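Comments concern the structure below.
The values are calculated or read from the model by the stated rules, or taken from the named source; none is laboratory data. Remember, it's a predicted structure, so these values are computed and weren't measured experimentally. A quick note on method: Cβ atoms are made from the backbone with ideal geometry, for glycine too, and the neighbour counts reach across all protein chains shown.
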Amino acid sequence: MADTLMAGGAKVAITPPIGSAFQSSRADLRVESVLHDLYATAVVLSDGEQKAAIVGLDVLGLDATLVNAVRERVERQSGIPGASVLINASHSHFGPAIIQALPDEIDEAYYQGLVQSLADAVIRANAALEPVAMRVGAAEGNFAINRRRMENGEAQLAPNYDGIVDQRIRALRFERLDGTVVAILFSGAFHPTGYAYRMPVVNGDYVAAARQEIERQFAEQGAPVVGFLQGCAGNMRVRVIAPGGTRFHPCSGEEIDTHGRGVGALAARAAREATMVVGYPIGVAHELVSLPLQESPTEADLATMWEKAGDHFNQLWTDSMLARLRRGEALPTSVDFPIQVFRIGGLWLVGLGAEVFLEIGLQIEAALMADHVGQAAWTLGYSNDTLGYVCTEASYAERGYEPTRSHRFYHLPAPYQPQTEHIVVSEALRITRTLA
């Protein structure tokens, strides 16, 4: 092991072609124009013995098929172990169809190019390794809001001013010995759903505008690679409120760019004011954990649901489940859920493969920082897979989209069991202790 941290960064455009499908479950929605180009960024870290690669990209979500294909290429072409590659989706709702289990039409040529582009970004970042200091910072704004508001006894997707929220924008700055910057990774925990929904326009929402603002502010300090890592944003949303204060406002491109520049300015401040943390040794752990599902519907149940389905979204799900049963397949009773942990000296990164509620991420971070006083902990959702929503136990009594209906979007046969919250927290902490 070296007595210094090495880092390298790379960035690649991943904008899908005009005419391709969005990850939307709407077959009629095709790319007509581009508001923001989409990007993937890679940062590779090394302590001289162990390496870790962190990839962020502007897409709705990931699946194991894509992640494993990228990891295999990286390992074969660079020697970095596949299990040491963390891939995080920004959760942009205006990105390309790439998740195999969903019904959207995947552009195969684009998909294969994406796998190669992500692997190439890691390989280029690995080739650019140089000595750095790692600095960790955070700044607090007012850009997020809880999106589960109780109305008539059930949670609605609406602003909850009293709900839990994390207003921090966090930043990692990797700087050369001369003070110029190799890379900046920034993170927040809120859905990038500010732009007007179901528009045929590729964009990265607030993330894209925030990244551009950070790049602008650091242009003369090394022109760093700037990447975004989405946090545990399952019940959080970008704070854009319609007149009256009880519903969200679908923004224009100009409005969301203004909002995103504010996020970027805060992230740039966090990066500029960040304090140094020792970045070695590096440790990596990766496991699949079994998460139990509730009881699946029967074929008769599904036939009845299909007759009552009032929209394309629910019909697609019932068709999919019925087709599996009629092929003689048993619907799964559990899900193999990826948990990945990086220890980078005094920083812990925990990647979880779903849309995870904020409370779950905060529990993991609090426990880690209690165990490792003076160190930093980031918990990320949307990492290495996107296996539906992982909700708090309390949310099941409140009902609403995430704990009761969202599994249908992800073509899971049933929601997770309420105790899933506790399984994820305890298993994530168990895995971190293997690196302590």
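Pairs meeting the criteria (first residue in region 420-436 and without any contact (Cβ under 8 Å) to a residue 24 or more places away in the chain, second residue assigned to a helix (DSSP H, G or I) and exposed (fewer than 14 other Cβ atoms within 10 Å of the Cβ), beta carbons under 8 Å, at least 6 apart or on different chains) are lacking. Residues that are among the acidic types (Asp, Glu) and at pLDDT 95 or above were ranked within region 1-47; the one that is farthest from Ser383 (Cα to Cα) is Glu32.
For region 381-392, indicate whether the set of residues that are out of contact with any Pro (no Cβ under 8 Å at 6 or more places or on another chain), crowded, with 20+ Cβ neighbours inside 10 Å and more than 21 Å from Gly234 (Cα to Cα) is non-empty. Looking for residues that are out of contact with any Pro (no Cβ under 8 Å at 6 or more places or on another chain), crowded, with 20+ Cβ neighbours inside 10 Å and more than 21 Å from Gly234 (Cα to Cα), one finds none in region 381-392, hence no. In region 98-111, of all residues being touching an Asp or Glu at 6+ places or on another chain (Cβ under 9 Å) and surrounded by fewer than 24 Cβ atoms within 10 Å (Cβ to Cβ), the one that is farthest from Leu35 (Cα to Cα) corresponds to Ala101.
Pick from region 396-420 the residues that are more than 22 Å from Trp317 (Cα to Cα) and in contact with a strand residue (DSSP E or B) (Cβ under 7 Å, 6 or more places away or on another chain): which of them is surrounded by the most Cβ atoms within 10 Å (Cβ to Cβ)? In this case the residue turns out to be Thr420. So, in region 76-97, how many residues would count as being assigned to a loop (DSSP other than H, G, I, E, B) and either surrounded by fewer than 18 Cβ atoms within 10 Å (Cβ to Cβ) or under 17 Å from the mean Cα position of the chain (by Cα) (or both)? Number satisfying all stated conditions: 9.
Going by what's in this entry, would Glu307 be described as closer than 30 Å to Asp28 by Cβ and among the acidic types (Asp, Glu)? Yes. Within region 233-242, restricting attention to residues that are among the hydrophobic types (A, V, I, L, M, F, W, C) and over 21 Å from Tyr39 (Cα atoms), the residue that is surrounded by the most Cβ atoms within 10 Å (Cβ to Cβ) is Met236.
If the condition is being part of a strand (DSSP E or B) and either farther than 30 Å from Glu175 by Cα or without any contact (Cβ under 8 Å) to a residue 12 or more places away in the chain (or both), then region 1-59 contributes Ala21, Phe22, Arg30, Ser33, Val34. Scanning region 349-377 for residues that are part of a helix (DSSP H, G or I) and either of a type in the set (Gly, Ala, Ser) or buried (at least 17 other Cβ atoms within 10 Å of the Cβ) (or both) turns up Leu358, Glu359, Ile360, Gly361, Leu362, Gln363, Ile364, Glu365, Ala366, Ala367, Leu368, Ala370. Consider region 206-264 and keep the residues that are touching a residue at least 60 places away in the same chain (Cβ under 8 Å) and β-branched (Val, Ile, Thr). The one that is farthest from Gln156 (Cα to Cα) is Val225. No other residue among Glu49, Glu72 is surrounded by fewer than 19 Cβ atoms within 10 Å (Cβ to Cβ), over 20 Å from Gly253 (Cα atoms) and touching a helix residue (DSSP H, G or I) at 6+ places or on another chain (Cβ under 9 Å) apart from Glu72.
(1) closer than 18 Å to Arg430 by Cβ; (2) in contact (Cβ under 8 Å) with a residue 24 or more places away in the chain: which one isn't true of Gly346, the others all being true? Gly346 satisfies every listed condition except (1).
Taken as a whole, the condition of being of a type in the set (Asp, Glu), under 17 Å from the mean Cα position of the chain (by Cα) and on the phi < 0 side of the Ramachandran plot does not apply to Asp3.
Scanning region 11-23 for residues that are over 19 Å from the mean Cα position of the chain (by Cα) and farther than 16 Å from Asp37 by Cβ, we see that the one that is surrounded by the fewest Cβ atoms within 10 Å (Cβ to Cβ) is Gly19.
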